[in-house]
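Each remark here refers to the structure printed beneath this line.
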Amino acid sequence: MQPSPIEKHPVDIFAGKRLRIIRLCAGYDEHQLGAKAGYTGQRIKAFENATKRMAIPDLLRLANVLDTKVMSFFEGYEGFRQLMGLQQLATDATEEIEDSEARRETQRLIELVFQFTSEQRRSALHFIELMFEKDEPPEGEEP
């Protein structure tokens, strides 16, 4: 049995396309950029085609060589824009929580919720609703 091919993540595909655009605008071919950044031309092509994921050090190195910001690889990606506002949302939503551990845990919960798939979000909501139903009397009964 052959292993199934690994699915490309949409953000990797997007960042790879952005790398190609930025590289071309800077006047480099794959081999030239690879040589300047310490990669082979094949590696640059793999990044651009999202067959090889760019790690943070790769993004930093490429942004430096291309004289751009790391953020420019993600400009226009809807999910990334949402995540950028997430930190501020988590901070704003928890600023009145005095206990620092509770504040950190709540911020982490907010960050995780924004990463849920639709199915995970529905399951989490159902689980939370069940937790609160324990405290409520059955419908039609008084407490």
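The values are calculated or read from the model by the stated rules, or taken from the named source; none is laboratory data. These numbers were taken from a predicted model, which means no experiment stands behind them. Glycine also receives a Cβ, built like all others from the backbone with ideal geometry; neighbour counts cover every protein chain displayed. The accessibility values were calculated without ligands, DNA or RNA, using every heavy atom of the protein model including side chains. Shrake-Rupley method; radii C 1.70, N 1.55, O 1.52, S 1.80 Å.
Couplings 3J(HN,Hα) of the range 63-70, computed from phi: 4, 4, 5, 7, 6, 9, 8, 4 Hz, in residue order, whole Hz [Karplus 6.51 cos²θ - 1.76 cosθ + 1.60, θ = phi - 60°; x for Gly and Pro]. These residues, I110, I56, go from largest to smallest accessible area, 1.4 Å probe, as I56, I110. Rolled with a 1.4 Å probe across the full set of protein chains, the surface gives K17 an accessible area near 130 Å².
Within the assembled protein chains, the solvent-accessible surface assigned to D67 is about 140 Å², based on a 1.4 Å probe. A probe of 1.4 angstrom, applied to the heavy atoms of all protein chains, finds E133 with accessible area near 100 square angstrom.
When +1 charges are put on Lys and Arg Cβ atoms and -1 charges on Asp and Glu Cβ atoms, the dipole computed for the range 24-64 relative to its Cα centre reaches about 140 debye.
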